[in-house]
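Shown next, in structure tokens, is the structure this report addresses.
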Amino acid sequence: MARAPRSLPGPRPLNALQFERLLANAARVALVLVGCLAALYTLREGQVFLAPVTLAVVVGLMFGPVADRLEHVGVPPALSAAAVVLMLIGIIAAGMALFAVPLSDWVARAPALWEKLQAQLATLQGPLEAVSAFQSQITSMFSDESAMAVTVEDGSEMIGMAMLAPAILAQVLIFLASLYFFLATRNHIRVSVLSLVVGRRLRWRTAHIFRDVESRVSRFLLSITVINAGVGCAVALVMWLIGMPSPLLWGAMAAVLNYIPYVGQAVMWLVLLAVGLGTQTTLQEILLPVGCYIAINFLEGQIITPHFIGRTMTLNPFLIFLSITFWLWAWGPVGGLVAVPLLLILTSVLGHALPSRPMLPRRPVRGTAYMTAREATLANTAQAIREQSEAEDAPGEKRREERMRPPEGTAPDGMEAAR
């Protein structure tokens, strides 16, 4: 007699305890998502206040060693902070005064430059017209003919700039005031935070977080500032050699934009390409400034920066890109300037708050002559995971025996075995 096929068991129904646990976990996840959305909304809407204050803290961490030097000499913290703020204002004012003339010259030449740029781009008129015609056809297919069209006759850009000027001035004042008070009271802030920490071990870890954040951020920003100044000088020299007008302006722009990885370099490429299209005639002369800048940027990113900053300060490029895009979305250009320092602060805090030990196997893998350091690290990590899995799958008696076994090369009484 044929035996009936046995049906597969279905999923077990949830009991009341499991259902309550599932609801509790779902509530926690929903609460975390709501908190993240509230934080994003706060960052976006509080840009006028949060962006200059954060920039002041980052710049204060950069100039903290300068204020420390002044305080070691005997200058009070209030005067040292004022000296640092005045020095920063002087540097910014000197830069604006130095590059005001060439910048105003380029602003005056903008209409003629735009006409020449349009003449250079006239060869692309055919494809652009085809795309525009296709777009108009798609728009006519999905548009409503009865919709009312609204046209604004007066753009009034001067009114918009006049309304924007007070907001920019307020942010500058908030930045300068925050920078002064942060530099003058940074030691009091550290002592106040440490006094609120309960527990000796947690206080020790918090003190190390302060020290690591200050040292890493100040070292990184000071090194990047020196490197960017060198990049600006190199770009200005090369632009002068190839005959580009206003080479000092392009050098200064390259130095400032180099603070924003990836995005700043892309903007500089577009600027040099547009200037080349508007001032040069042949294709070689148009692409020469961009090619020279790419070569300088390649040397800086692959050789100079890793040598001066070190491999320990190097962050994951994907994390840098995510940080830059997020803070540019939240705070605009100011967010691009503080993106990498904030990522350094976050990695320092997480490194001390969640310390991790490297996975080392008991029996290290012997590297070959053709094995790179990365391959050896991955092989040792895989060996450590394999040993941990074997230890977890081993019976309790075997694990107990391994724990009681003395190390290799020693006798049961702890003395070295006779040879």
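The values are calculated or read from the model by the stated rules, or taken from the named source; none is laboratory data. Here the structure is a predicted model, which is why all the values come from computation and not from measurement. We place every Cβ from the backbone using ideal geometry, glycine too, and count neighbours over all the protein chains shown. What goes into the accessible areas is simple: the full protein's heavy atoms, side chains included, and nothing from ligands, DNA or RNA. Shrake-Rupley method; radii C 1.70, N 1.55, O 1.52, S 1.80 Å.
Here are the numbers:
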{"item": "Potential lengthening between Q302 and R374 on full extension [0.36 nm per residue; Cα-Cα distance subtracted]", "result": "24.1 nm"}
{"item": "Computed accessible area, I294, all protein chains, 1.4 angstrom probe, square angstrom", "result": "70"}
{"item": "Accessible area (Å², 1.4 Å probe, nearest 10) - T347", "result": "50"}
{"item": "Per-residue HN-Hα couplings for the stretch 284-298 [Karplus 6.51, -1.76, 1.60; θ = phi - 60°; Hz; x = Gly/Pro]", "result": "5, 5, 6, 8, 5, x, 5, x, 5, 5, 4, 5, 5, 5, 5"}
{"item": "Probe 1.4 Å, all protein chains present, accessible-area order of Y41, Y370, largest first", "result": "Y370, Y41"}
{"item": "Accessible area in the full protein assembly, largest first, 1.4 Å probe, for W329, W240, W250, W269", "result": "W240, W329, W269, W250"}
{"item": "Nearest-0.05 FRET efficiency for M87 and A266, computed from C-beta distance (R0 30 Å)", "result": "0.40"}
{"item": "L287/A94 FRET efficiency (R0 30 Å; Cβ-Cβ; nearest 0.05)", "result": "0.35"}
{"item": "Residue-level accessible surface for M62, protein heavy atoms, 1.4 Å, Å²", "result": "30"}
{"item": "Inter-probe distance in nm under a simple model that places probes 7 Å from Cα toward Cβ, at L176 and A229", "result": "2.3"}
{"item": "Carbon plus sulfur fraction of accessible area for the stretch 185-266, probe 1.4 Å, in percent", "result": "72"}
{"item": "Trypsin sites (Lys or Arg not before Pro) within the stretch 179-227, DSSP loop, no more than 12 other Cβ atoms inside 10 Å", "result": "none"}
{"item": "Shape category assigned to the stretch 154-280 from the gyration tensor of Cα positions, a/c cut at 1.5", "result": "oblate"}
